[in-house]
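Everything on this sheet refers to the single structure shown next.
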Amino acid sequence: MMSSPKKLMRRMHGMMFKLPLMITCNEFESFILAYLEDGLPAKQKFVFEMHLKICRECREYLQAYRASLELTKHAYEGDLIGPNDQVPDDLVRAILAARKA
Amino acid sequence: MKVGPTVVTESQSSDENAEISKLRRGELAATEKLVRENAGWMLAVSRRILNNDAHAEDCVQNAFSSIFNNLESFRGDSRLRSWMHCIVVNQALMLLRSRKRRNESPIDDLMPLFDENDCRVEDRWTTLETPESLIQKSQTRETVLSLIDELPESYRVVLLLRDIEEMATSDVAEMLGLSESNVKVRLHRARSALKKLLEPLLRGQSL
Ligand SMILES: [Zn+2]
(Lines give C-alpha, C1' and ligand atoms only; values in the text may rest on other atoms or scores of the structure.)
Protein backbone atom coordinates (compact mmCIF):
# COMPACT_ATOMS: atom_id res chain seq x y z
CA MET A 1 0.00 0.00 0.00
CA MET A 2 1.27 3.42 -0.89
CA SER A 3 0.93 6.00 1.86
CA SER A 4 -1.17 8.97 0.87
CA PRO A 5 1.51 11.70 1.06
CA LYS A 6 3.58 9.54 -1.26
CA LYS A 7 0.59 9.12 -3.53
CA LEU A 8 0.07 12.89 -3.60
CA MET A 9 3.74 13.41 -4.46
CA ARG A 10 3.43 11.04 -7.38
CA ARG A 11 0.30 12.85 -8.59
CA MET A 12 2.16 16.15 -8.45
CA HIS A 13 5.08 14.63 -10.32
CA GLY A 14 2.68 13.37 -12.94
CA MET A 15 1.20 16.86 -13.33
CA MET A 16 4.60 18.54 -13.43
CA PHE A 17 5.76 16.23 -16.20
CA LYS A 18 2.94 17.56 -18.38
CA LEU A 19 4.30 21.13 -18.29
CA PRO A 20 6.09 22.56 -21.35
CA LEU A 21 9.60 21.12 -21.89
CA MET A 22 8.69 18.23 -19.63
CA ILE A 23 8.07 14.62 -20.53
CA THR A 24 6.41 11.84 -18.59
CA CYS A 25 8.38 8.83 -17.41
CA ASN A 26 6.65 6.81 -20.10
CA GLU A 27 7.86 9.20 -22.80
CA PHE A 28 11.32 9.19 -21.21
CA GLU A 29 11.32 5.42 -21.56
CA SER A 30 10.75 5.65 -25.30
CA PHE A 31 13.73 8.02 -25.74
CA ILE A 32 16.29 5.89 -23.85
CA LEU A 33 17.63 3.90 -26.78
CA ALA A 34 18.12 6.93 -29.01
CA TYR A 35 19.64 8.90 -26.13
CA LEU A 36 22.25 6.22 -25.46
CA GLU A 37 23.09 6.07 -29.15
CA ASP A 38 23.39 9.83 -29.24
CA GLY A 39 20.55 9.94 -31.71
CA LEU A 40 18.24 12.48 -30.07
CA PRO A 41 17.74 15.88 -31.69
CA ALA A 42 18.96 18.76 -29.50
CA LYS A 43 15.54 19.72 -28.15
CA GLN A 44 14.58 16.17 -27.22
CA LYS A 45 17.97 15.65 -25.65
CA PHE A 46 17.39 18.74 -23.54
CA VAL A 47 14.00 17.57 -22.27
CA PHE A 48 15.37 14.08 -21.68
CA GLU A 49 18.21 15.40 -19.54
CA MET A 50 15.83 17.77 -17.73
CA HIS A 51 13.65 14.81 -16.79
CA LEU A 52 16.74 12.92 -15.67
CA LYS A 53 17.58 15.78 -13.27
CA ILE A 54 14.20 15.95 -11.61
CA CYS A 55 13.05 12.32 -11.63
CA ARG A 56 14.72 10.01 -9.11
CA GLU A 57 12.99 6.93 -10.49
CA CYS A 58 14.14 7.42 -14.08
CA ARG A 59 17.63 8.43 -13.00
CA GLU A 60 18.11 5.26 -10.99
CA TYR A 61 16.38 3.17 -13.61
CA LEU A 62 18.74 4.42 -16.32
CA GLN A 63 21.78 3.77 -14.13
CA ALA A 64 20.68 0.20 -13.55
CA TYR A 65 19.82 -0.22 -17.25
CA ARG A 66 23.33 0.88 -18.22
CA ALA A 67 24.97 -1.28 -15.54
CA SER A 68 23.00 -4.29 -16.69
CA LEU A 69 24.04 -3.73 -20.30
CA GLU A 70 27.67 -3.43 -19.27
CA LEU A 71 27.46 -6.57 -17.17
CA THR A 72 26.00 -8.41 -20.15
CA LYS A 73 28.89 -7.33 -22.36
CA HIS A 74 31.40 -8.39 -19.68
CA ALA A 75 29.76 -11.81 -19.47
CA TYR A 76 30.56 -12.47 -23.13
CA GLU A 77 34.08 -11.08 -22.99
CA GLY A 78 36.77 -13.65 -23.43
CA ASP A 79 34.76 -15.76 -25.78
CA LEU A 80 34.40 -12.87 -28.22
CA ILE A 81 37.62 -13.65 -30.00
CA GLY A 82 37.17 -17.39 -29.93
CA PRO A 83 40.58 -18.97 -29.52
CA ASN A 84 41.50 -21.03 -32.55
CA ASP A 85 43.29 -23.67 -30.49
CA GLN A 86 39.90 -24.69 -29.16
CA VAL A 87 38.64 -25.64 -32.57
CA PRO A 88 38.18 -29.41 -32.65
CA ASP A 89 40.52 -30.94 -35.19
CA ASP A 90 37.83 -33.21 -36.61
CA LEU A 91 35.75 -30.14 -37.38
CA VAL A 92 38.60 -28.65 -39.41
CA ARG A 93 39.10 -31.98 -41.19
CA ALA A 94 35.38 -32.28 -41.96
CA ILE A 95 35.27 -28.78 -43.45
CA LEU A 96 38.34 -29.43 -45.61
CA ALA A 97 37.05 -32.83 -46.72
CA ALA A 98 33.78 -31.22 -47.83
CA ARG A 99 35.73 -28.63 -49.83
CA LYS A 100 37.72 -31.29 -51.68
CA ALA A 101 34.68 -33.39 -52.49
CA MET B 1 28.78 -3.90 -40.27
CA LYS B 2 31.12 -3.14 -37.38
CA VAL B 3 33.32 -6.16 -37.23
CA GLY B 4 37.07 -5.84 -37.00
CA PRO B 5 38.97 -2.77 -38.05
CA THR B 6 37.04 -0.45 -40.34
CA VAL B 7 40.11 1.17 -41.84
CA VAL B 8 41.43 -0.88 -44.71
CA THR B 9 44.93 -0.12 -45.82
CA GLU B 10 46.06 -0.74 -49.38
CA SER B 11 48.42 -3.58 -48.52
CA GLN B 12 45.82 -5.34 -46.40
CA SER B 13 43.28 -5.39 -49.16
CA SER B 14 45.69 -6.49 -51.87
CA ASP B 15 46.95 -9.30 -49.59
CA GLU B 16 43.38 -10.25 -49.08
CA ASN B 17 42.72 -10.25 -52.82
CA ALA B 18 45.65 -12.57 -53.40
CA GLU B 19 44.33 -14.94 -50.75
CA ILE B 20 40.87 -14.87 -52.25
CA SER B 21 42.22 -15.79 -55.69
CA LYS B 22 43.94 -18.81 -54.15
CA LEU B 23 40.76 -19.76 -52.34
CA ARG B 24 38.74 -19.49 -55.53
CA ARG B 25 41.17 -21.85 -57.25
CA GLY B 26 40.59 -24.24 -54.35
CA GLU B 27 44.24 -24.26 -53.23
CA LEU B 28 44.43 -26.55 -50.24
CA ALA B 29 47.00 -24.60 -48.19
CA ALA B 30 45.06 -21.35 -48.49
CA THR B 31 41.81 -23.13 -47.70
CA GLU B 32 43.25 -24.77 -44.61
CA LYS B 33 44.70 -21.45 -43.47
CA LEU B 34 41.31 -19.79 -43.86
CA VAL B 35 39.61 -22.51 -41.83
CA ARG B 36 42.23 -22.59 -39.06
CA GLU B 37 42.33 -18.82 -38.71
CA ASN B 38 38.58 -18.29 -38.64
CA ALA B 39 36.87 -21.37 -37.27
CA GLY B 40 37.56 -20.25 -33.67
CA TRP B 41 35.68 -16.98 -33.70
CA MET B 42 33.01 -18.44 -35.96
CA LEU B 43 32.43 -21.21 -33.44
CA ALA B 44 32.19 -18.60 -30.69
CA VAL B 45 29.56 -16.63 -32.66
CA SER B 46 27.58 -19.82 -33.30
CA ARG B 47 27.74 -20.88 -29.66
CA ARG B 48 26.48 -17.52 -28.48
CA ILE B 49 23.48 -17.69 -30.79
CA LEU B 50 22.73 -21.42 -30.54
CA ASN B 51 23.79 -22.21 -26.96
CA ASN B 52 24.70 -25.72 -28.01
CA ASP B 53 28.14 -27.04 -28.93
CA ALA B 54 27.03 -29.70 -31.40
CA HIS B 55 24.70 -27.29 -33.21
CA ALA B 56 27.46 -24.67 -33.24
CA GLU B 57 29.84 -27.08 -34.99
CA ASP B 58 27.18 -27.92 -37.58
CA CYS B 59 26.68 -24.23 -38.04
CA VAL B 60 30.36 -23.52 -38.71
CA GLN B 61 30.48 -26.41 -41.15
CA ASN B 62 27.43 -25.08 -43.01
CA ALA B 63 28.89 -21.59 -42.98
CA PHE B 64 32.15 -22.73 -44.58
CA SER B 65 30.33 -24.63 -47.26
CA SER B 66 28.31 -21.48 -47.99
CA ILE B 67 31.53 -19.44 -48.00
CA PHE B 68 33.19 -21.80 -50.50
CA ASN B 69 30.10 -21.86 -52.70
CA ASN B 70 29.86 -18.09 -52.75
CA LEU B 71 33.52 -17.11 -53.11
CA GLU B 72 32.87 -16.19 -56.74
CA SER B 73 30.25 -13.68 -55.75
CA PHE B 74 32.29 -12.14 -52.91
CA ARG B 75 32.73 -8.66 -54.28
CA GLY B 76 35.46 -7.38 -52.04
CA ASP B 77 33.51 -4.24 -51.14
CA SER B 78 33.48 -5.50 -47.57
CA ARG B 79 36.29 -7.16 -45.68
CA LEU B 80 36.41 -10.91 -45.98
CA ARG B 81 35.94 -11.24 -42.23
CA SER B 82 32.75 -9.20 -42.07
CA TRP B 83 31.40 -11.11 -45.05
CA MET B 84 32.13 -14.38 -43.21
CA HIS B 85 30.60 -12.99 -40.04
CA CYS B 86 27.43 -12.24 -41.92
CA ILE B 87 27.33 -15.77 -43.35
CA VAL B 88 27.89 -17.53 -40.04
CA VAL B 89 25.26 -15.40 -38.30
CA ASN B 90 22.79 -16.22 -41.08
CA GLN B 91 23.52 -19.93 -40.78
CA ALA B 92 23.03 -19.78 -37.02
CA LEU B 93 19.71 -18.00 -37.44
CA MET B 94 18.57 -20.65 -39.91
CA LEU B 95 19.45 -23.44 -37.49
CA LEU B 96 17.72 -21.55 -34.70
CA ARG B 97 14.53 -21.30 -36.76
CA SER B 98 14.58 -24.99 -37.56
CA ARG B 99 14.98 -25.92 -33.92
CA LYS B 100 12.01 -26.69 -31.73
CA ARG B 101 11.12 -23.71 -29.59
CA ARG B 102 10.96 -24.27 -25.88
CA ASN B 103 8.19 -22.73 -23.87
CA GLU B 104 8.87 -19.09 -23.26
CA SER B 105 7.43 -16.78 -20.67
CA PRO B 106 6.09 -13.52 -22.11
CA ILE B 107 8.46 -10.57 -22.00
CA ASP B 108 5.66 -8.28 -20.76
CA ASP B 109 6.18 -9.49 -17.19
CA LEU B 110 9.69 -8.05 -17.27
CA MET B 111 8.82 -4.61 -18.62
CA PRO B 112 9.19 -1.43 -16.52
CA LEU B 113 6.14 -0.31 -14.57
CA PHE B 114 4.31 3.01 -14.71
CA ASP B 115 1.46 4.17 -12.51
CA GLU B 116 -1.79 5.87 -13.53
CA ASN B 117 0.00 9.25 -13.72
CA ASP B 118 2.53 7.82 -16.20
CA CYS B 119 5.14 7.96 -13.45
CA ARG B 120 7.73 5.22 -13.21
CA VAL B 121 7.46 2.73 -10.38
CA GLU B 122 11.01 1.80 -9.39
CA ASP B 123 12.26 0.54 -6.06
CA ARG B 124 14.98 2.72 -4.58
CA TRP B 125 18.47 1.69 -5.57
CA THR B 126 20.35 2.00 -2.30
CA THR B 127 23.21 -0.08 -3.66
CA LEU B 128 24.22 -0.57 -7.25
CA GLU B 129 27.09 -3.01 -7.67
CA THR B 130 29.50 -2.11 -10.44
CA PRO B 131 29.62 -4.54 -13.38
CA GLU B 132 33.42 -4.63 -13.02
CA SER B 133 33.30 -5.88 -9.43
CA LEU B 134 30.43 -8.28 -10.13
CA ILE B 135 32.19 -9.97 -13.01
CA GLN B 136 35.20 -10.72 -10.77
CA LYS B 137 33.05 -13.00 -8.62
CA SER B 138 32.91 -16.62 -9.57
CA GLN B 139 29.53 -17.73 -10.91
CA THR B 140 28.54 -14.25 -12.09
CA ARG B 141 29.36 -14.93 -15.70
CA GLU B 142 27.49 -18.21 -15.70
CA THR B 143 24.49 -16.67 -13.93
CA VAL B 144 24.32 -13.75 -16.36
CA LEU B 145 24.53 -16.04 -19.38
CA SER B 146 21.79 -18.29 -18.06
CA LEU B 147 19.56 -15.27 -17.39
CA ILE B 148 20.11 -13.98 -20.93
CA ASP B 149 18.98 -17.38 -22.08
CA GLU B 150 15.65 -16.79 -20.30
CA LEU B 151 14.75 -14.00 -22.71
CA PRO B 152 12.28 -14.96 -25.42
CA GLU B 153 14.30 -15.96 -28.46
CA SER B 154 13.16 -13.15 -30.76
CA TYR B 155 14.44 -10.65 -28.19
CA ARG B 156 17.58 -12.53 -27.19
CA VAL B 157 18.69 -12.70 -30.82
CA VAL B 158 18.30 -8.96 -31.36
CA LEU B 159 20.23 -8.22 -28.17
CA LEU B 160 23.02 -10.58 -29.20
CA LEU B 161 23.34 -9.26 -32.73
CA ARG B 162 23.22 -5.58 -31.73
CA ASP B 163 25.01 -5.47 -28.37
CA ILE B 164 27.38 -8.40 -28.54
CA GLU B 165 28.06 -8.98 -32.25
CA GLU B 166 27.86 -5.19 -32.66
CA MET B 167 26.06 -5.38 -35.97
CA ALA B 168 24.34 -2.28 -37.38
CA THR B 169 20.59 -1.90 -36.90
CA SER B 170 20.07 -1.98 -40.68
CA ASP B 171 21.99 -5.27 -41.05
CA VAL B 172 20.06 -6.88 -38.20
CA ALA B 173 16.78 -5.68 -39.69
CA GLU B 174 17.68 -7.21 -43.04
CA MET B 175 18.76 -10.53 -41.55
CA LEU B 176 15.67 -10.92 -39.41
CA GLY B 177 13.23 -9.51 -41.95
CA LEU B 178 12.16 -6.73 -39.60
CA SER B 179 11.89 -2.99 -39.98
CA GLU B 180 14.66 -0.92 -38.39
CA SER B 181 12.22 0.62 -35.93
CA ASN B 182 11.07 -2.85 -34.95
CA VAL B 183 14.68 -3.87 -34.28
CA LYS B 184 15.09 -0.80 -32.07
CA VAL B 185 11.93 -1.52 -30.10
CA ARG B 186 12.95 -5.13 -29.58
CA LEU B 187 16.46 -4.15 -28.53
CA HIS B 188 15.18 -1.74 -25.92
CA ARG B 189 12.65 -4.25 -24.61
CA ALA B 190 15.30 -6.96 -24.46
CA ARG B 191 17.64 -4.69 -22.52
CA SER B 192 14.84 -3.62 -20.17
CA ALA B 193 13.86 -7.23 -19.52
CA LEU B 194 17.45 -8.17 -18.88
CA LYS B 195 17.83 -5.28 -16.45
CA LYS B 196 14.89 -6.73 -14.54
CA LEU B 197 16.42 -10.21 -14.59
CA LEU B 198 19.84 -8.96 -13.47
CA GLU B 199 18.40 -6.77 -10.69
CA PRO B 200 19.12 -9.13 -7.78
CA LEU B 201 22.76 -9.33 -8.91
CA LEU B 202 23.07 -5.59 -9.40
CA ARG B 203 21.48 -4.88 -6.03
CA GLY B 204 24.05 -7.16 -4.41
CA GLN B 205 21.50 -9.77 -3.41
CA SER B 206 22.48 -13.33 -3.98
CA LEU B 207 20.39 -15.17 -6.51
ZN1 LIG C 1 10.69 9.67 -14.68
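When B:D115, B:D123, B:D109 are screened for being on the phi < 0 side of the Ramachandran plot and either away from chain A (no Cβ under 11 Å) or away from the ligand (no atom under 16 Å from the Cβ) (or both), only B:D109 passes. Can you confirm whether B:E122 is surrounded by fewer than 17 Cβ atoms within 10 Å (Cβ to Cβ) and acidic (D, E)? For B:E122, the condition - surrounded by fewer than 17 Cβ atoms within 10 Å (Cβ to Cβ) and acidic (D, E) - is not met. Within the range B:160-168, one or more residues are assigned by TED's automatic domain parsing to the domain that holds B:A190 and over 11 Å from the mean Cα position of the chain (by Cα). Would you point out the residue of the range A:4-30, among those that are modelled with pLDDT of 85 or more, in contact with a Cys (Cβ under 9 Å, 6 or more places away or on another chain) and hydrophobic (A, V, I, L, M, F, W, C), that is farthest from the ligand (Cβ to nearest atom)? Taking the candidates together, the pick is A:F28. Residues of the range B:174-195 that are buried (at least 18 other Cβ atoms within 10 Å of the Cβ) and either in contact (Cβ under 8 Å) with a residue 12 or more places away in the chain or more than 9 Å from chain A (Cβ to nearest Cβ) (or both): B:V183, B:K184, B:R186, B:L187, B:R189, B:A190, B:R191, B:S192, B:A193, B:L194. Could we say that B:E150 is more than 10 Å from chain A (Cβ to nearest Cβ) and modelled with pLDDT under 95 here? Yes; evaluated as a whole, the condition is true for this residue. Could you check, for the range B:69-84, whether at least one of its residues is within 12 Å of chain A (Cβ to nearest Cβ), surrounded by fewer than 20 Cβ atoms within 10 Å (Cβ to Cβ), out of contact with any Gly (no Cβ under 7 Å at 6 or more places or on another chain) and modelled with pLDDT of 90 or more? Checked the range B:69-84: at least one residue is within 12 Å of chain A (Cβ to nearest Cβ), surrounded by fewer than 20 Cβ atoms within 10 Å (Cβ to Cβ), out of contact with any Gly (no Cβ under 7 Å at 6 or more places or on another chain) and modelled with pLDDT of 90 or more. Within the range A:31-51, the residues that satisfy the criterion of being surrounded by 12 or more Cβ atoms within 10 Å (Cβ to Cβ), more than 8 Å from the ligand (Cβ to nearest atom) and within 12 Å of chain B (Cβ to nearest Cβ) are A:F31, A:I32, A:L33, A:A34, A:Y35, A:L36, A:G39.
The values are calculated or read from the model by the stated rules, or taken from the named source; none is laboratory data. Note that the structure is predicted; figures quoted are calculated from it, not measured. Virtual Cβ from ideal backbone geometry, glycine too; neighbours counted across all protein chains shown.
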